[in-house]
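J.: Below is a structure I'd like to ask you about.
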Amino acid sequence: MALRLASSPLARTSASMQLATALRASSSLNGRVYFHATRTAATEGQSPASVTDVYKQQPYKIPTPNQLHGSYHWDFERLLSISMVPLLAASAINGAHPITDGLLGVVVPIHCHVGFDAMITDYLHPAKVGVWGNKAFVWTLRGATVLALIGCYQFNTNDIGLTELVKKSWEA
């Protein structure tokens, strides 16, 4: 019906009829009416998919092979996670000790870094947030990891240490 109205001589002369035609042509099946300032797809003979390319998927580029980012990377993640179990057990059994506090101050921030890096890789990839957005997230994570490592070092050397901090906060 909208195409018949758009092609009639009355619709070409009356601005209000052109607006009504555009509104009718852009209405969806559920009865809602959407207003567009441009011509609708029905009047131009285009499909709705060719009108909007908002969610057009970017072509996937195969990364260059890197042996350190493959199986060794996975093994390092598992070794890091498994090493936290005896480290936390030794800290809980023996109490505060400079070696266990120092190892906790290195292992925990790196473990968090690996987890957040996987989250950035999976959910904040360049196709979703753009190349610069992805780089901003990656470098923010790297900076936060360096600051956490420095903070753990300072806390272990100049204050009570990580094990005593957990012990005091558990008793409080």
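The values are calculated or read from the model by the stated rules, or taken from the named source; none is laboratory data. Note that the coordinates shown come from a computational prediction; the quantities given were computed from them, not determined experimentally. With ideal geometry, Cβ positions are generated from the backbone for all residues, glycine too; neighbour counts draw on all protein chains shown. The protein model used for the area step is the full one, side chains on, heavy atoms only, and it has no ligands, DNA or RNA in it. Shrake-Rupley method; radii C 1.70, N 1.55, O 1.52, S 1.80 Å.
J.: Could you give the length gained on full extension between residue 164 and residue 128, defined as 0.36 nm per residue of separation minus the Cα-Cα distance, in nm?
T.: Taking residue 164 through residue 128 to full extension adds about 8.7 nm, to one decimal.
J.: Let me ask something else. As a test of the definition: which semi-axes, in Å, follow for segment 59-145 when you take the square root of five times each eigenvalue of its alpha carbon gyration tensor? Largest first, please.
T.: Sorted largest first and rounded, they come to 32, 15, 9 Å.
J.: While we're looking at this one, here's another question. For residue 81 paired with residue 117, estimate the spin-label separation in nm (one decimal), with each label point 7 Å from Cα along the Cα-to-Cβ line.
T.: About 1.5 nm separates the two model spin labels.
J.: For segment 125-167, what is the Kirkwood estimate of the hydrodynamic radius, computed as the reciprocal of the mean inverse distance between distinct Cα atoms, to one decimal in Å?
T.: 12.2 Å
J.: Shifting gears a bit: What order do 91, 83, 71 take when sorted by accessible area (1.4 Å probe), most exposed first?
T.: 71, 83, 91
J.: Taking a probe of 1.4 angstrom, what is the accessible area of residue 168 in Å², to the nearest 10?
T.: We get 120 Å² for residue 168.
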